[in-house]
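What follows draws every value from the coordinates through simple rules; no lab data is involved. What you see is a predicted model, and the numbers here were worked out from it, not measured in a lab. A quick note on method: Cβ atoms are made from the backbone with ideal geometry, for glycine too, and the neighbour counts reach across all protein chains shown.
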Amino acid sequence: MKVGTLTIGQSPRVDVIPGIRDVLGPEVEIIEKGALDGLNLEEVRRFSPGPDDYILVTQMRDGTEVKIAKKHVIERMKRCIGEFQAEPVEIIILICTGDFPEIESGKFLLRPDRVMVHVVQSLLRAGRLGVVVPSPDQIPSLGRRWERTGLDIVAEGVSPYTGTDEELREIAHKIKASNVDLMVLDCIGFTRKTRALFREVTGKPVLLPVTLIGRIAREMVGA
């Protein structure tokens, strides 16, 4: 059994894939592709976002955090999706919680952004949602997405890649003070450790994209 993963950064994603593999089980093979594969850091920095760009935060293969404009990686993502059509995978998991309506696939494409929004809507019909994104400058665009749920949104930004435990705990306390009902860590790079920290501080349920999509993929492949 094989599952494909597509990151907007570079593969392999050693920070993310082990968490998905833990959920899928050892019998499922994961084939990784990255939209930035084959590029060096200098080339990737040419993709830096401008004032009006949709901002994405991801990692290079060596763990370096980079910010890129979505418009620069769409065609590269489409190329990866095209390559997956010839691979013996049943599902392609998008390793990003960003919004990519431009991306289509002839195989099942598991989109974390849509999954997370629908899960939140099914759990919380009214109330206050705490959302943590990788960077404060993503709050305007990602905040608007969550506002479509009709919930009262409290959004904060901290990097899952470079944020310290102290910074994460500070954000958790800010969200706790806002008295949210439910929390979403809105980036595939957030880990179980981060979820545990926010759960401990806020005392509220915390949704983690990487494990949620892993469980859905496991159901689909019947692992």
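Along the three principal axes, how long is the chain when you take its alpha carbons, biggest first, rounded to the nearest angstrom?
Cα spread of the chain along its principal axes, largest to smallest: 49, 42, 30 Å.
Around Gly222, what is the net charge, scoring Lys/Arg as +1 and Asp/Glu as -1 over all other residues with Cβ under 14 Å from its Cβ? Can you show the working numbers first?
Numbers: positive: Lys2, Arg215, Arg218; negative: Glu27, Glu90, Glu219.
Here the count lands on 0.
Under a Cβ-only charge scheme (Lys and Arg +1, Asp and Glu -1), can you give me the dipole magnitude of the chain about the Cα centre, in debye to the nearest 20? Mind dumping the intermediate values first?
Numbers: 31 positive and 32 negative charges, 98 e Å.
Using only the charged Cβ atoms, the result is roughly 480 debye.
Putting +1 on Lys and Arg Cβ atoms and -1 on Asp and Glu Cβ atoms, find which of Pro49, Ala217, Ile30 reaches farthest to the positive end of the dipole of the chain.
Farthest towards the positive pole: Ala217.
Relative contact order, percent, of the range 114-208 when contacts are C-alpha pairs under 8 Å separated by at least 6 residues? Display every interim value, and only then the final one.
Numbers: 147 pairs, mean separation 28.5, N = 95.
Taking the mean separation of contacting Cα pairs over the length of the range 114-208, I get 30 percent.
With 27 Å as the limit, write out which pairs from Lys71/Lys176; Lys33/Lys70; Lys107/Lys193; Lys2/Lys78; Lys107/Lys204 have Cα-Cα distances beyond it, or answer none.
Those over the limit are Lys71/Lys176; Lys107/Lys193; Lys107/Lys204.
Normalised by the residues of the chain, what does the relative contact order come to in percent, with Cα pairs under 8 Å and at least six apart?
Working: 403 pairs, mean separation 46.7, N = 223.
Dividing the mean separation by the residue count of the chain yields 21 percent.
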